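The values are calculated or read from the model by the stated rules, or taken from the named source; none is laboratory data. Small disclaimer: the values here were computed from a predicted structure and weren't measured. Neighbour counts run over all protein chains shown; Cβ positions are idealised from the backbone, glycine included. Protein only, heavy atoms only, side chains kept; ligands, DNA and RNA dropped before computing areas. Shrake-Rupley method; radii C 1.70, N 1.55, O 1.52, S 1.80 Å.
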Amino acid sequence: MKILISPDLHKKVLIFLFGFFVWVSAANADSTFTNLTDPGQIRTFHNVTERIRCICIPSIAIKSCSFNNCTVSAKLKLFIENRIRAGESADVIVDKMVHGFGQDVVSDPIIAKFIETGNQGMAQGVIMGFGPDILAKPDSSWIDFSIAAAAAFGILLIYLYLKRRTAPKAAIATESENHSSFDKYISEIEEKQK
């Protein structure tokens with residue numbers, strides 16, 4: 001038995017699958033990259049970066065913050081790697097992010113670079129602590145909802161575009177049918193008037 005699928009249905013299915021896969025990949029994306037190689041250190045890195053918020057986009061954890069869009073968070077991730085290499089645990093690093101690492105952290109190359117480039121706010125935040133506001137409290141339901149809404153809106157726009165593109169062909173066919181029946185009606189009236 002051979003099943004025929006219309007080209008329109010085929011396009012719609014492909015567009016739906018594409019949108020679905022984009023949404024799934026975006027929802028499961030993990031943009032955190034680390035230079036650490038030890039599995040234990042990598043677990044610690046992921047633990048810390050899940051618990052600290054992104055500097056540029058406070059509604060997400062630093063783990064999901066993009067290196068390209070937020071250079072300050074990228075530098076902070078490198079600082080966290082340095083703390084892990086120094087042997088600090090995830091709980092200690094998170095606690096020190098809240099309460100401060102102290103003046104001895106000025107020797108860290110990342111903090112030295114913050115000071116050198118004039119980013120005193122970040123340097124002081126690391127030295128003195130950022131307070132509890134640095135802790136990530138993202139509500140991923142809004143993020144997931146916005147991704148799903150954007151995907152649904154995109155699919156709707158594509159559907160409307162395809163529908164609009166095929167509508168003139170159907171309108172022309174209907175108009176020609178209506179035109180011929182109208183002509184027939186007019187000719188019948190003219191016949192009766194004779």
**OP:** Assess whether residue 108 counts as being surrounded by 10 or more Cβ atoms within 10 Å (Cβ to Cβ), at pLDDT below 80 and acidic (Asp, Glu).
**Re:** no
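Condition (residue is over 30 Å from residue 147 (Cβ atoms), in contact (Cβ under 8 Å) with a residue 12 or more places away in the chain and more than 21 Å from the chain's Cα centre (by Cα)) applied to the stretch 41-52: is it met by at least one residue?
Scanning the stretch 41-52, I find at least one residue that is over 30 Å from residue 147 (Cβ atoms), in contact (Cβ under 8 Å) with a residue 12 or more places away in the chain and more than 21 Å from the chain's Cα centre (by Cα), so the answer is yes.
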Original post:
What pairs come up if the first residue lies in the stretch 143-154 and is within 20 Å of residue 60 (Cα to Cα) and exposed (fewer than 15 other Cβ atoms within 10 Å of the Cβ), the second is of a type outside the set (A, V, I, L, M) and modelled with pLDDT under 80, and their beta carbons are under 7 Å apart, counting only those six or more places apart or on different chains?
Top reply: 148/23
Original post:
Here are some conditions: (1) open to solvent by less than 60 Å² (accessible area, probe 1.4 Å); (2) over 26 Å from residue 144 (Cα atoms); (3) among the aliphatic types (A, V, I, L, M). Residue 86 meets all but one. Which one does it not meet?
Top reply: (1)
Original post:
Under 7 Å by Cβ, and 6 or more places apart or on different chains, what pairs join a residue from the stretch 92-103 that is more than 12 Å from residue 135 (Cα to Cα) with one that is surrounded by 14 or more Cβ atoms within 10 Å (Cβ to Cβ) and not charged (D, E, K, R)?
Top reply: 100/127; 100/129; 101/126; 101/127; 102/127; 103/127
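Residue by residue, here is whether (1) open to solvent by less than 30 Å² (accessible area, probe 1.4 Å); (2) over 18 Å from residue 93 (Cα atoms) holds:
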position: 35; (1), (2): no, no
position: 38; (1), (2): no, no
position: 43; (1), (2): no, no
position: 48; (1), (2): yes, no
position: 54; (1), (2): yes, no
position: 62; (1), (2): yes, no
position: 65; (1), (2): yes, yes
position: 70; (1), (2): yes, yes
position: 74; (1), (2): yes, no
